[in-house]
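Notes follow the structure.
What follows draws every value from the coordinates through simple rules; no lab data is involved. Given the structure is predicted, the values throughout are model-derived calculations rather than measurements. Note that each Cβ is placed from the backbone with ideal geometry, even for glycine, and that neighbours are counted across all protein chains shown.
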Number of protein chains: 2
Amino acid sequence: MKDPFMQAALEEARKGRREGGIPIGSVLVIDGRIVGRGHNQRVQKGSCVLHAEMDCLENAGRLKASDYRRATLYSTLSPCDMCSGTVLLYGIPKVVVGENLSFQGPEAYVRSRGVELDIRDDAECKQLMQDFIAQQPALWNEDIGE
Amino acid sequence: MKDPFMQAALEEARKGRREGGIPIGSVLVIDGRIVGRGHNQRVQKGSCVLHAEMDCLENAGRLKASDYRRATLYSTLSPCDMCSGTVLLYGIPKVVVGENLSFQGPEAYVRSRGVELDIRDDAECKQLMQDFIAQQPALWNEDIGE
């Protein structure tokens, strides 16, 4: 059975791709309910800070510390240094990751700070990223600071 | 002599305070010129991701990797996990910090990743934060995920 939350993150990623953007999506789940969703906004908003996870958290709005501390963040791709740092800032205890083959963030460090990472090896997430990277390598490199 | 870039970051912090926001400011300097400036937008934009450093980078726009790699980021306060992670993502080699008494980010980790941190013990930066924290402790705690 497919994970409905990862499917929602994938929907966000596909929406971003249809907009001409980078196909990474994210949802924030608290008490079994999606409270925020988003996708990478580099192309759409000319943003260098709104990676999918950041857009998702921004769309969730100003939450209480006690909300973040029982939340799970879903992302179609392994969170980069920025997004991982945001997880640490807000004390989000768990991150579910679609795949970490196309890109791998600082997973060992994040785990060392007490965050649970659940890395899936999701075929749809991988395909979406691999197609995108092959098509627009310069845009992808810009997004990861390379 | 006062550092004009730290003074510019302080101006941003004071502007934020006059707007009713959290008084932290930041500027990004490349080749001796300010290319972006910003201040914390939690109150003003209801944002949980636009810390001063993030707002500054967002206002600087989409830069090339080669631009970030010769940039210096100024902040009136020690960058948190999120903002430190963003420095790492983009490979910004140097961060000048107004003070780290009111709050201290993951400085040892950031240094271990090769970033130079120049921590000033700036009296104006400290006063601004100490006054704010005394006046609005709940807002401050929200901003640092506590």
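General observations
- Qualifying residue in segment A:66-85 (condition: under 20 Å from residue B:106 (Cα atoms), part of a helix (DSSP H, G or I), within 9 Å of chain B (Cβ to nearest Cβ) and out of contact with any helix residue (DSSP H, G or I) (no Cβ under 6 Å at 6 or more places or on another chain)): no
- Residue count for segment A:53-62 satisfying the condition of being under 15 Å from residue A:33 (Cβ atoms) and either more than 8 Å from every other protein chain (Cβ to nearest Cβ) or touching a helix residue (DSSP H, G or I) at 6+ places or on another chain (Cβ under 8 Å) (or both): 2.
- For segment B:22-58, a tally of residues being among the small types (Gly, Ala, Ser) and more than 18 Å from residue B:90 (Cβ to Cβ) returns 4.
- Hits in segment B:59-82 - residues which are in contact with a strand residue (DSSP E or B) (Cβ under 9 Å, 6 or more places away or on another chain) and under 20 Å from residue A:88 (Cβ atoms): B:73, B:75, B:77, B:78, B:79
- Failed item in (1) touching a Ser or Thr at 6+ places or on another chain (Cβ under 9 Å); (2) within 20 Å of residue B:30 (Cβ to Cβ); (3) of a type in the set (A, V, I, L, M), with residue B:71 passing the rest: (1)
- Pairs meeting the criteria (first residue in segment A:97-124 and in a helix (DSSP H, G or I), second residue β-branched (Val, Ile, Thr), beta carbons under 8 Å, at least 6 apart or on different chains) are A:107/A:119; A:110/A:87; A:110/A:95.
- Single condition residue B:25 does not satisfy, out of (1) in contact with a Ser or Thr (Cβ under 6 Å, 6 or more places away or on another chain); (2) at the interface with chain A (Cβ under 9 Å from one of its Cβ atoms): (2)
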